[in-house]
Amino acid sequence: MKKRYLCLLMAYFALNGIHAQPLKARIKVDIERRTGDIDPMLYGNFTEHLGRCIYGGIYDPKSPQANADGFRKDVIDATRNLGVSIIRWPGGNFVSGYHWQDGIGPVDQRPHRKDLAWGDIEPNAVGTDEWLKFTKATGAEPYICVNMGTGTWDEARNWVEYCNGKPGLYFSDLRARNGHPEAYKVKYWGLGNEVDGEWQMGHRSAEDYSKYALEAAKLMKWSDDSIKLIASGSSNYVRDWAEWDRTVLNYMHDYIDYISLHHYSGNRDADHNKFMAVTVGVENNIRITEGIINEVRSKYRMKKPIYIAFDEYNVWYRAWNEQKLEEKYNLQDALVVAGYLNVFVRNSHIVKMANMAQLVNVIAPMMVTDGQLWLQPIYYPLQLFAANCKGTALDTFVDCDRYDAGDFTRVPYLDVTSIYNSRKGELIVNVVNRHKDKAIETSISLQHGKWNSKASVSEVNGARLEDVNNEKEQKVKTVAKEVSLSGENLQYTFPAHSFTQIIIKTKV
Ligand code: AHR
């Protein structure tokens, strides 16, 4: 009787996929199987005139944290520690109604205007010169997006001249009169924001946008031919969304260097597995866009590459309808952010820029409350990627259990990337264990090279997926340790719901 009961119990467990043991997986890494050079611009960010991102975030002259220019030192330090390589500005939706000349010259003479994107009053205290000063203090590259909503071609090309023009021209001389004789040499310029969405000021059809932005692009490049231009690509994933990109690329391929993609995700159905699979969809969108880039390049027999700039991404769903967008992130969100970063690294041959939206307070990795800065869970995976994932992405073999969720089938529980940094002689392996409650015992084998017997491991995890951080407590953060390899093999158990980064140095 007892035996029969046990058999029934085992059959029940087998049918329901419940294992008494941890799951098992295999990863193989070969430093000769290189897929793409990782552009440092993959670890970018974004600051928009929205809620408390600019005012009360990066800029707060009344704060005890303010430097002589009114920018918060703690925000600058946390941005540096995050390893932010490039910052996009001034929007976002905001830019589609922004006239940059409102933000230069004596601050007390700058107009106050209603921003129709978010409903705030824009005081224009932070304009081009101030924001570039902030960006310089963070060590990041500036990336300016021009107004292709209510803006004109002249405004776009004059902005390039103001930032980059040599002395003797009207706008470069104006810059000098405003205290900056040296050109800023802003290299990256965006041609509008999310023009494919009806929520955008100056929303247009793909054809109308392409024709308009093409003329702006020409004038901007004729003003400074060293700049790199980013066309506004898809952000609105309706049926046939990719036709937007196809039209834009067909019209603008000669003038643009990148096409942008945006994506936000959320756990709206409170379905962990489905939420964890969202980055599979992001990867599909990248591949579709890459296919269209290839189609257009081949049609026009182009030698010049066109890349993808994924210049807005993040988890964003709780603070969706409130003006300030102050999303409070948990461990689960940090895992999804690690998933986005894995996708960018895996596709680093075509994705050459990515910008988390946004930097501070507004859907952000850092928050400033009661005069104190604290770090959200999503800060930590981005910091690990920015600090260590440099070099060349590798084609990684992964054999693990899979699941079906939402629109996605056969989603691997382990989301893995690996990178070889030849300069430092380092192999980096990034692993998100998507499983809600199972650890995964993994055998990692290194196919080439001589490796140290010790590896450094950094883990972002917490007791519960719902764990959040605040001013007083950092429940989710990076915890570091060392582990041993045996020869070219590392046995490692990835805990449930975790992000792990393993670094192994070449044996010298
Ligand atoms: O980052 C918040 C908003 O999300 C941006 O303004 C817009 O580009 C996107 O829809």
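The values are calculated or read from the model by the stated rules, or taken from the named source; none is laboratory data. Nothing here was measured: the structure is a model prediction, and the numbers come from that model. Cβ coordinates were reconstructed from backbone atoms using ideal geometry, including for glycine residues, and neighbour counts include every protein chain displayed. Each accessible area value is taken on the protein alone, full model and side chains, heavy atoms only, with ligands, DNA and RNA left out. Shrake-Rupley method; radii C 1.70, N 1.55, O 1.52, S 1.80 Å.
Taking every protein chain into account, the 1.4 Å probe leaves K304 with about 60 Å² of accessible area, to the nearest ten.
To the nearest ten degrees, helix 128-138 and the longest principal axis of the Cα atoms of the chain are 30 degrees apart. Rounded to the nearest Hz, the phi-derived 3J(HN,Hα) couplings of region 501-506 under the Karplus curve 6.51 cos²θ - 1.76 cosθ + 1.60 (θ = phi - 60°) are 10, 10, 10, 10, 8, 5, where x marks glycine and proline.
What are the trypsin sites (Lys or Arg not before Pro) within region 166-208 that DSSP puts in a loop, where the Cβ has at most 14 other Cβ atoms within 10 Å? Walk me through the intermediate numbers first.
On the way: sites: R175, R177, K185, K187, R204; in loops: K185, K187, R204.
In loop regions of region 166-208 (DSSP not H, G, I, E or B), the sparsely surrounded trypsin sites (Lys or Arg not before Pro) are K185.
Hey, any idea what % of region 112-249's accessible area is carbon plus sulfur with a 1.4 Å probe? Mind dumping the intermediate values first?
Values: 3020 of 5940 Å².
That share works out to 51 percent.
Take every pair of alpha-carbon atoms less than 8 Å apart whose residues are at least six positions apart; their mean separation over the length of region 149-210 yields a relative contact order of 28 percent. Heavy-atom accessible area for R464, with the other protein chains in place and a 1.4 Å probe, reaches approximately 130 Å². Projected label points at I288 and D401, each 7 Å from Cα along the beta carbon direction, are separated by 3.1 nanometres. Using 0.36 nm per residue and subtracting the Cα-Cα separation, the extra length available between Y317 and K218 on full extension is 31.9 nm. Once C-alpha pairs closer than 8 Å and six or more residues apart are averaged by separation and normalised to the residue number of region 275-343, the relative contact order reads 48 percent. Normalised per residue, the accessible area of region 163-281 is 43 Å², obtained with a 1.4 Å probe and no contribution from ligands, DNA or RNA. When a/c reaches 1.5 or more, the comparison of a/b and b/c decides; with that in mind, is region 39-388 rounded, prolate or oblate per its Cα gyration tensor? The shape class here is oblate.
Across C400, C163, the residue with the most accessible area heads the list, and the full order at a 1.4 Å probe is C400, C163.
Residue separation times 0.36 nm, minus the C-alpha to C-alpha distance between D225 and A387: what's the value? Walk me through the intermediate numbers first.
Working: separation 162, 0.36 × 162 = 58.32 nm, distance 3.17 nm.
Length gained, D225 through A387: 55.2 nm.
Where the centroid of each part is defined by its Cα atoms, how far is region 388-410 from region 340-373 in Å? Region 388-410 and region 340-373 have Cα centres spaced 21 Å from each other. Angle of helix 73-82 to the longest C-alpha principal axis of the chain, folded into 0 to 90 degrees and rounded to 10: 50°.
Separation of the alpha carbons by more than 24 angstrom is noted, of K133/K328; K24/K424; K328/K475; K62/K166; K28/K274, for K133/K328; K24/K424; K62/K166; K28/K274. Measuring only protein heavy atoms, the 1.4 Å probe finds D69 accessible over about 70 Å². Each Lys and Arg adds +1 at its Cβ and each Asp and Glu adds -1 at its Cβ; summed about the Cα centre, the chain shows a dipole of about 1820 debye.
Taking R0 as 45 Å, what's the FRET efficiency between D370 and R301 from their Cβ-Cβ distance, rounded to 0.05? List each step's numbers first, then the result.
Working: r = 59 Å, r/R0 = 1.32.
That gives a FRET efficiency of 0.15.
Coupling constants for region 483-491 follow from the phi torsions by the Karplus curve (6.51 cos²θ - 1.76 cosθ + 1.60, θ = phi - 60°), and in residue order they are 10, 9, 9, 10, x, 9, 10, 10, 8 Hz; glycine and proline get x. In this structure the amide hydrogen of E312, modeled in the peptide plane, comes within under 5 Å of the amide hydrogens of L261, H263, N355, none closer than 5 places in sequence on its chain. Tell me whether region 384-508 comes out rounded, prolate or oblate; compute the Cα gyration tensor, take square roots of the eigenvalues as a ≥ b ≥ c, and use a/c under 1.5 as the rounded threshold. Oblate shape, in that a/c is at least 1.5 and b/c is the bigger or equal ratio.
I'd like the antiparallel share, as a percent to the nearest 5, of DSSP beta bridges with both residues in the chain.
Numbers: 60 of 99 bridges.
About 60 percent, rounded to the nearest 5.
Basic side chains Lys and Arg get +1 at the Cβ, acidic Asp and Glu get -1 at the Cβ, and with that the dipole of region 274-361 about its Cα centre reaches some 540 debye.
For the chain, find the longest principal axis of its Cα atoms and tell me its angle to the long axis of helix 242-252, 0 to 90°, nearest 10. For 242-252 against the chain, the angle is about 40 degrees. Can you give the relative contact order of region 39-388 as a percent, counting alpha carbon pairs under 8 Å and 6+ residues apart? Dividing the mean separation by the residue count of region 39-388 yields 20 percent.
Within the shell of other residues whose beta carbon sits under 14 angstrom from the beta carbon of S298, the net charge comes to +4, with Lys and Arg scored +1 and Asp and Glu -1.
Here's the picture: charge each Lys and Arg Cβ at +1 and each Asp and Glu Cβ at -1 in the chain, and of T478, V343, V29 the one pushed furthest to the positive end of that dipole is V29. The stretch between H448 and N489 holds 13.6 nm of extra length on full extension. This uses 0.36 nm per residue minus the Cα-Cα distance.
The HN-Hα couplings worked out from phi for region 293-301 by the Karplus form 6.51 cos²θ - 1.76 cosθ + 1.60 (θ = phi - 60°) are 4, 4, 4, 5, 5, 6, 4, 9, 6 Hz, whole numbers, x standing for Gly and Pro. Accessible surface comparison of Y170, Y307, Y340, probe 1.4 Å, protein chains only, largest first: the order is Y170, Y307, Y340. Close amide H pairs (under 5 Å, H built 1.01 Å from N) link Y307 with Y258, I259, residues at least 5 positions away or on another chain.
Heavy-atom accessible area with a 1.4 Å probe sorts I256, I288, largest first, into I288, I256.
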